[in-house]
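Novice: Submitted below is the structure of interest, expressed as structure tokens.
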Amino acid sequence: MDEVRPTSGAQAHGLVPLFPPGLQAIYGECRRLYPEQANPLQVTAIVKYWLGGPDPLDYISMYRNAGCPAQDVQEHWHYVSFGLSDLYGDNRVHEFTGADGPSGFGFELTFRLKREVGETAPPTWPAELMQGLARYVFQSENTFCSGDHVSWHSPLDNSESRIQHMLLTEDPQMQPIQTPFGCVSFLQIVGVCTEELQAAQQWNGQGILELMRGVRVAGGPWLITDMRRGETIFDIDPHLQERVDQGIETEGSNLSGVSAKCVWDDLSRPPEDEEDSRSICIGSQPRRLSDKDTEQIRETLRKGLEFNSKAALPPINMFLLHTSTHTHTIMGSDSLESESSAAIVPHELVRTRQLESVHLKFNQESGTLLPLCLRGRLLHGRHFTYKSINGDTAITFVSTGVEGAFATEEHPYAAHGPWLQILLTEEFVEQMLGDLQELNTREETKLPKEYSWPEKKLKISVLPDAVFDNPLQ
């Protein structure tokens, strides 16, 4: 539970004797932008997260920004979070690892909301939105970076608005800061329509953000969210769709993975062979990924891709992957919880296994991204990962141009614990795209849908969400 209160003058100016240095550093950047607003309204977590409260952000400050008429930037409310970075440096929330690396998760969230005529105080709903995103970060340990997409599936303010998803970008005014506990950057939330999210997934988030900067009612130069916006950028300027289509054709997608509802089965292993099974079955407890595998997949979904760099997956015992942006699927403000009861398989005891036949299962949203995975990623020599939100399952599709994969043309299906890699040749990708053509439509289709390639010993099912939400039923 949060409460709204003004900050005291002493607190805002850092005059309290034991004022936390991380907090003070963020306040300093806010004071640089808002020297006349020493006492901004603040949403405060009544019970702090480190005392058992539900809200990871200790504070969200709310400022009135006059905009910039010279740049045609309209007046708006500016929200700044405190808590994703290390505010205290005493390990109460974040492990202190030194001043050279990131502070906590290395970033704070900001949000710019159009000020409506006659509005004298900032709406407080963005604070709960930011708390929801922070809960996702703390519980999943998936960090955000500029260009990421957040699939939210609900109006951000719980109204009837078309603004139901988010993109993330660097805040246009707030500069990265160095604190005694590490560096902190400021990532701005940008509200988008479903069509804009889909375009960002098919192409890339940065490209869509750049188009939005050129459309005043869709955000303008500072990407200000207007919850009353009823038209997409493609409604406002139909030529923008041509730019997106051209970008998809020439560049492909820079979306390297999604949080998804997915599982896979090893059809080549007898179901009664439980002792050494590494298959992930609906209704069974998935094996947990080792810390090294988890870190590798996390880096897959976090590191930025330079378009000219060679697509590569390093060996299993290496940590870094050179990939691209990620869609975080978060259903409204629901929190995500991992399965803590799953058995842990030590990394050194898990061997990479070649599989003869596999069955992949996705919910509808994940299934509709399969054409993107195939056309936008694999045909451009890249790879794409589905990471389960319900456990430690991961499915990575790789093309023959990706180096370092443990799946090969000779053994195209390979598993390392619950992490499955599938290598697809260009010829097979083209065949699959033809067979999966109906998934290109974003309309609701009757489920379940099954696709099978017997000669390749591959089966894909698109199933209702309930199958994944209630695996034992």
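FYI, it's all coordinate maths here, none of it is from the lab. Keep in mind the model is a prediction, meaning the values are calculated, not measured. Note that we place each Cβ from the backbone using ideal geometry, even for glycine, and neighbour counts take in every protein chain shown.
Novice: I need the GluC sites (Glu not before Pro) found in the range 25-78, filtered to DSSP loop residues with at most 13 other beta carbons within 10 Å of theirs.
Specialist: Here the sparse-neighbourhood loop sites are 36.
Novice: Mind running the shape call on the range 144-235? Use the C-alpha gyration tensor, a ≥ b ≥ c as the square roots of the eigenvalues: rounded below 1.5 for a/c, prolate if a/b tops b/c, oblate otherwise.
Specialist: Judged from the Cα gyration tensor, the range 144-235 comes out prolate (a/c at least 1.5, a/b above b/c).
Novice: Kindly rank 455-466, 407-418 from highest to lowest mean number of other beta carbons found within 10 Å of each residue.
Specialist: Ranked from most to least packed, the peptides come out as 407-418, 455-466.
Novice: For the cross-link pairs 48/261; 48/387; 261/449; 114/261, which exceed 27 Å when the distance is taken from alpha carbon to alpha carbon?
Specialist: Violating the 27 Å Cα-Cα cut-off are 48/261; 48/387; 114/261.
Novice: I need the chymotrypsin sites (Phe, Trp or Tyr not before Pro) found in the range 177-216, filtered to DSSP loop residues with at most 13 other beta carbons within 10 Å of theirs.
Specialist: Passing both the DSSP loop test and the Cβ count: no residue.
Novice: Return the loop-located GluC sites (Glu not before Pro) in the range 216-270 (DSSP other than H, G, I, E, B) with at most 15 other Cβ atoms within 10 Å of their own Cβ; answer none if there are none.
Specialist: 231
Novice: Placing unit charges on C-beta atoms (Lys and Arg positive, Asp and Glu negative, everything else neutral), compute the dipole magnitude of the range 371-413 about its Cα centre in debye, rounded to 20.
Specialist: Details: 4 positive and 4 negative charges, 59 e Å.
Using Cβ point charges on Lys, Arg, Asp and Glu, the range 371-413 gives about 280 debye.
Novice: Does the range 10-140 classify as rounded, prolate or oblate by the C-alpha gyration tensor (a ≥ b ≥ c root eigenvalues; a/c under 1.5 gives rounded; else a/b over b/c gives prolate, otherwise oblate)? Don't jump to the answer; show the numbers that get you there.
Specialist: On the way: a/c = 1.85, a/b = 1.53, b/c = 1.21.
Cα axes put the range 10-140 in the prolate bin.
Novice: Going by a ≥ b ≥ c, the root eigenvalues of the Cα gyration tensor, does the range 105-259 fall in the rounded group (a/c under 1.5), the prolate group (a/b larger than b/c) or the oblate group?
Specialist: Judged from the Cα gyration tensor, the range 105-259 comes out oblate (a/c at least 1.5, b/c at or above a/b).
Novice: Arrange the peptides 171-180, 428-437, 213-222 so that the one whose residues have, on average, the most other Cβ atoms within 10 Å appears first.
Specialist: Descending mean neighbour count gives 213-222, 171-180, 428-437.
Novice: With a Förster radius of 22 Å, plug the Cβ-Cβ distance of residue 450 and residue 357 into 1/(1 + (r/R0)^6) and report the FRET value to the nearest 0.05.
Specialist: Between residue 450 and residue 357 the formula returns 0.90.
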